[in-house]
Structures are given as structure tokens and as C-alpha cells.
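The values are calculated or read from the model by the stated rules, or taken from the named source; none is laboratory data. This one's a predicted model, so the numbers in the text were calculated from it and none came from an experiment. Here the Cβ is made from the backbone with ideal geometry for all residues, glycine too, and neighbour counts use every protein chain on show.
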Amino acid sequence: MFQRKLFNEEHEMFRDSVRKFIEKEIAPYHEQWEHDGVVPREVWLKAGEAGMLCCTVPEEYGGLGLDYLFDVIVFEEIARCGYTGPGFLIHCDLVATYVKSFGTEEQKKHWLPKMVSGEAIGSLGMTEPHAGSDLRNIRTKAVRDGDDYVINGQKVFISNGQMCDVLVLATKVGDDAEKGAVTLFLVDASLPGFKRGRNLDKLGLKAQDTSELFFEDLRVPASAMLGKPGQGFPLMMTKLSQERLAQAIRSATVSEHLVQITAEYTADRKAFGKTIADFQNTQFKLAELKTEAVIGRVFTDSCIEKFMAGELDPVDAAMAKMWLSNLHCKIADECLQLFGGWGYMWEYPICRAYADARIVKIAGGSIEIMKHIIAKDMFSRIKRGETA
């Protein structure tokens, strides 16, 4: 049986504490959060107190200064239980990473300790009604006015949008707007002109708030800029591999979990005088899915190792994201089939997993964008006379 070798004893002790936290603070309430469409702020504060948020943030900014595997463990254990409400991945893996990597000393000292404690919830403001994968088409603009920038525009599909205290916001600024350049700002959500729209009603991820956001003459200090004017794309490109790896980690974990719960269900459920697992079709199907889940895990763990060594390139990350996303959706679909009619009932985890799965082909870069990245690299290599 395949054994993972990434994690040491300290990691596994942390994993045990995360599982206990999930059992106590998430499991009893997640169904209600799905009805509410949002996770209470108290959960974030408790997660911060338990040391589960932004594990890699250095000690000088209130963090524990741990390696990336501690964040991975949090993502994996929440995904393994099928809980989609707490938007910890976006908060830790994206927003905190942007602040830690590109923020000024003042920005890091102000926001990171609050993000580690759960006092400040982070969100990422990129997508707009007319700009999804093509961020050069965004219309949100920031205009310089003395020592401030005045921002007008809107965003959509923003995870943690109803709850966020700080937003990494993509805008167009000045002359760079005509060139398609993007500038990032670190926006305090309490400022006048920051307006939250409706909490969007989605196919899945029911407990995770996803919002429209509006900016009406939102005035932010020039010191809120993240990086330099027009440098948003280069900054984002340096972190896309990490974002796509995180998506692959979630998909790999969910895939394993769904195969396991389906095997357990079919071993117990009876039809025509025997269990569903006694039928050859069930055995062969689960054997195939189990094998693919293990292949996905091996590839994902290899990408984690590369990332931690600073060697994960965008193409490997795109392949991981594409393949694991497709596998995630395939396994959710084929496992639901083995549950029969009960698989279509919301009370069964497989039903919720099926609804939650579909977004993975879109979030973090669509499957089509991943194929473009992979193919472009492949044919560029051929033109250079290299092995594709």
C-alpha cells in the first residue's frame, strides 16, 4: 500500500490536533452553516487560537514560522471531512502569502498578526462580471488623488467576501490601464465606499460565503498599494503555481475520501441477495478509481516537494491542477452512481461532494487555461529543439 513520506512525527501530531478541532468546532455545525451560507467569525478566532491559520507566517509577524506542510495538513483534513465552509485556504495560501511576499514592513506588521489570530479574514478580489480568466479586461479603476487613490468598480464570485476584513484587490491605474496592466491594493474592508453585495447562491460550497463587492469612491492611502503600479501581473504570476497546487491538494484528498466512503457503502448496501460490493462491476470500478486516486496523490506529493524546494514550475502546477480537477469530478460522479438513488439525496455526503466538485474545473484557472499553458510550453520546447 502506498505510504506518504512527506510528513514527520511533528506533522502528524499537528494533524491529530487539527482533526480534533474539526470534530469539535466544525463537524457539529457545518450543516447549519450550509443553510446560513456563511461561517461564523468565532470559528476563525478559534482556529487562530489553535494555531491553524497562516502556519508559515514568521514569528516576528505573530505566526509560528512553520513549513508549508502544516498549511497542507489543515487544507487536507478539512477537505477529507467534506467541509467546505471555512475559507481557510484562500485566507492562508493566497492572501497571507501575498502580504508576506510583497507587502511593506508596515503592511505586514499591521495585517499578518491579525490574520494569524483570525481577527482579520482575508479575501482575494480579482474576478469581475466581464473578466474571469482574462484579468486584463477588468474595469475596476484606481485614480490618484493627492496621497490617496480613489477606487470605483465591482467584483464578483469573491470567496470570504461577506466576512473579509482585508482584500487583495486588482485594479487598473492611470496610463497603465490602457496597456492592460494591473495594480494590486491591500484594502481595509471597513473603509467608506467598500460595499458588500448579496451572498451568491451557488451550486455547491454552500457554507462558504461568496459575494459581489462594490467600490464607490473608495479612498485608500497610497501606502495600501501592494507592490508597484502596473506590477500586479508579475506578482500574481509568481504565486499562481502555489494557488494551483493548493487546488490539486484539495482534489487529491477529496478523491481519496470519496473512494473510501463509497467502498464502505457498497460493502454494506445489499441488492439482489448480496452486497453491491460483491458485484464485479463495483469491484472493477472502485479498483480503477482507487488506482487513479493513488496516482493523483503521488503526483501531488511530488509537486509539494518541488514547491518546498522552490522548483515547482507553472507547467507542472498546471498539469497537477488540470489532472486532479478532472479526476475529482470523475470520482464524485462515478461514486455517486454506486450509491444509486440515495446518492442524489443531500443528506448523503456523496451528494454534497458531487455539487462541491464542479467548481474545481473553474477556480484557480479554468481547465482550458491549464491546457493552454501546457500546450504552449510543449510546442515552445519543440521549436527550440528540446524534448516536449
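Annotations
- In the range 225-271, the residues that are hydroxyl-bearing (Ser, Thr, Tyr) and buried (at least 18 other Cβ atoms within 10 Å of the Cβ): Ser241, Ser251, Thr253, Ser255, Thr262, Tyr265, Thr266
- For Asp209: the one exception among (1) surrounded by fewer than 23 Cβ atoms within 10 Å (Cβ to Cβ); (2) more than 22 Å from Phe299 (Cβ to Cβ): (1)
- Filtered residue count, the range 274-321, keeping only those that are of a type in the set (Ser, Thr, Tyr) and under 17 Å from Val254 (Cβ atoms): 2
Residues checked against (1) out of contact with any Pro (no Cβ under 6 Å at 6 or more places or on another chain); (2) free of Cβ contacts under 8 Å to residues at least 40 places away in the same chain:
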{"site": "Val173", "(1), (2)": "no, no"}
{"site": "Ala181", "(1), (2)": "yes, no"}
{"site": "Ser211", "(1), (2)": "yes, no"}
{"site": "Asp217", "(1), (2)": "yes, no"}
{"site": "Val220", "(1), (2)": "yes, no"}
{"site": "Ala224", "(1), (2)": "yes, no"}
{"site": "Pro234", "(1), (2)": "yes, yes"}
{"site": "Lys239", "(1), (2)": "yes, no"}
{"site": "Arg244", "(1), (2)": "yes, no"}
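Per-residue answers, yes or no, for (1) within 13 Å of the chain's Cα centre (by Cα); (2) in contact (Cβ under 8 Å) with a residue 40 or more places away in the chain:
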site: Gly37; (1), (2): no, yes
site: Arg41; (1), (2): no, yes
site: Gly51; (1), (2): no, no
site: Cys54; (1), (2): no, yes
site: Gly82; (1), (2): no, yes
site: Cys92; (1), (2): yes, no
site: Val95; (1), (2): yes, yes
site: Gly103; (1), (2): no, yes
site: Lys114; (1), (2): no, yes
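- Taken across the range 180-188, residues that are more than 18 Å from Ile151 (Cβ to Cβ) and at pLDDT 95 or above do not occur at all.
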